[in-house]
There are 2 protein chains.
Amino acid sequence: MVKKTLGGINVLYPTPTTIVGAIVEGKPNFITIAHIGIVNHAKPFLISLSMGKPHYTNAGIKENKAFSVNIPSEDSVIATDYVGLVSGKKTDKSDVFDIFYGRLETAPMISECPLNMECKLFDVYNTPIHDLFIGEIVETYAEESVLKDGKVDLGSVKPLLFDMSSVRYWSIGQTVAKCWNVGKKMKQK
Amino acid sequence: MVKKTLGGINVLYPTPTTIVGAIVEGKPNFITIAHIGIVNHAKPFLISLSMGKPHYTNAGIKENKAFSVNIPSEDSVIATDYVGLVSGKKTDKSDVFDIFYGRLETAPMISECPLNMECKLFDVYNTPIHDLFIGEIVETYAEESVLKDGKVDLGSVKPLLFDMSSVRYWSIGQTVAKCWNVGKKMKQK
């Protein structure tokens, strides 16, 4: 099969859309980020955010060494997109959401989001255009309504899946199969 | 609203399931990886893979400084799960897929996957439990059938979305809204 070449662009989508919270110049600020990563999947749980160096939020994360990663549901698509459209440099976004705090004093979290991860800054990996903020998750908060037997149920979360190819948010569909399980059929060959 | 605390676990899902290809001990090998990241979204396009240090593939990536990131569709769920279930240490996985090569000689890619990213190793970020491989995308390949006006159409790709909470693969749903657009409604307030 002949494939088409697209010139070395990134097609690693969709990723979960998040709203990152931080204290910047003494005030809570929020920015939409979907260029996320999972870095270390065990204690310490480490996740990454790729944030263009000119963003207003970056200085606040570096100063306070803390931030939050909030997972909005489809119901919040307008506010989620809004905080990605306007910069904290010009617009005060501290009253867009209901805010709560956890263990850290400088990681403002969003009540309306069904899931919140409170992170302390673990490291900053410097890339040509972006600061890659690596956060250690110190606590995770969930609305009871999105838990099923104590585990997060994505069908209830209804995350906004980000896709840079179509420049669209997508919804999540249905479960397809069990991981580390459905492939056993081939193992028995 | 009172939220439940989950003890600092990662809930940053779903992520796109990928199959990573590399040459290990002289042979093509494949492993399922969904703990991915987007690191620098501009030239050089950088993406990350979080791979537990004991994996067989890690040594091959370090030796050859190249790997591929292949995006399987739902149709390949059994083979995708299979290459995540069995280790290359014990099982030869070189004949599970049809393989093609691009510019690099040590980044085996999977014909059956609608999207492939050929990467050279840019850096390894060391974490407590995982090697975080940071790859620079040198070329991207796409099946014509998943392109719409020259752009990737996720509805045609039908990616397998990984969710560690339910330990399930999910399908993608429908488009919800335009990014950097739907939030303008709030801007006009």
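The values are calculated or read from the model by the stated rules, or taken from the named source; none is laboratory data. What you are looking at is a predicted structure, and each value in this text was computed from that prediction instead of being measured. Cβ coordinates were reconstructed from backbone atoms using ideal geometry, including for glycine residues, and neighbour counts include every protein chain displayed.
Structure notes:
- Filtered residues of the range A:83-100 (kept if touching a strand residue (DSSP E or B) at 6+ places or on another chain (Cβ under 8 Å) and exposed (fewer than 15 other Cβ atoms within 10 Å of the Cβ)): A:92, A:98
- Residue list for the range A:30-44, restricted to those being of a type outside the set (Val, Ile, Thr), farther than 15 Å from residue B:128 by Cα and assigned to a strand (DSSP E or B): A:30, A:37
- Search result, residues across the range A:109-158 that are polar (S, T, N, Q) and closer than 22 Å to residue A:73 by Cα: A:111, A:116, A:140, A:145, A:156
- All positions within the range B:119-151 that are charged (D, E, K, R), facing chain A (nearest Cβ under 9 Å) and assigned to a loop (DSSP other than H, G, I, E, B): B:143
- Pairs with Cβ under 9 Å, 6+ apart, first in the range A:38-64 and surrounded by fewer than 24 Cβ atoms within 10 Å (Cβ to Cβ), second in a helix (DSSP H, G or I): A:51/A:57; A:51/A:58; A:51/A:61; A:52/A:58
- Within the range B:45-63, the set of residues being more than 7 Å from chain A (Cβ to nearest Cβ) and either over 13 Å from the mean Cα position of the chain (by Cα) or at pLDDT below 95 (or both) comprises B:52, B:53, B:54, B:55, B:56, B:57, B:58, B:59, B:60, B:61, B:62, B:63.
- Scanning the range A:17-34 for residues that are surrounded by fewer than 24 Cβ atoms within 10 Å (Cβ to Cβ) and not hydrophobic (A, V, I, L, M, F, W, C), we see that the one that is farthest from the other protein chains (Cβ to nearest Cβ) is A:26.
- From the list A:61, A:47, the lone residue that is under 22 Å from residue A:13 (Cα atoms), not acidic (Asp, Glu) and not in a loop (DSSP other than H, G, I, E, B) is A:47.
- Criterion: of a type in the set (Ser, Thr, Tyr) and crowded, with 20+ Cβ neighbours inside 10 Å - qualifying residue of B:171, B:165: B:165
- Checking every residue in the range A:98-116 against the condition of being more than 7 Å from chain B (Cβ to nearest Cβ), among the acidic types (Asp, Glu) and assigned to a strand (DSSP E or B) gives zero matches.
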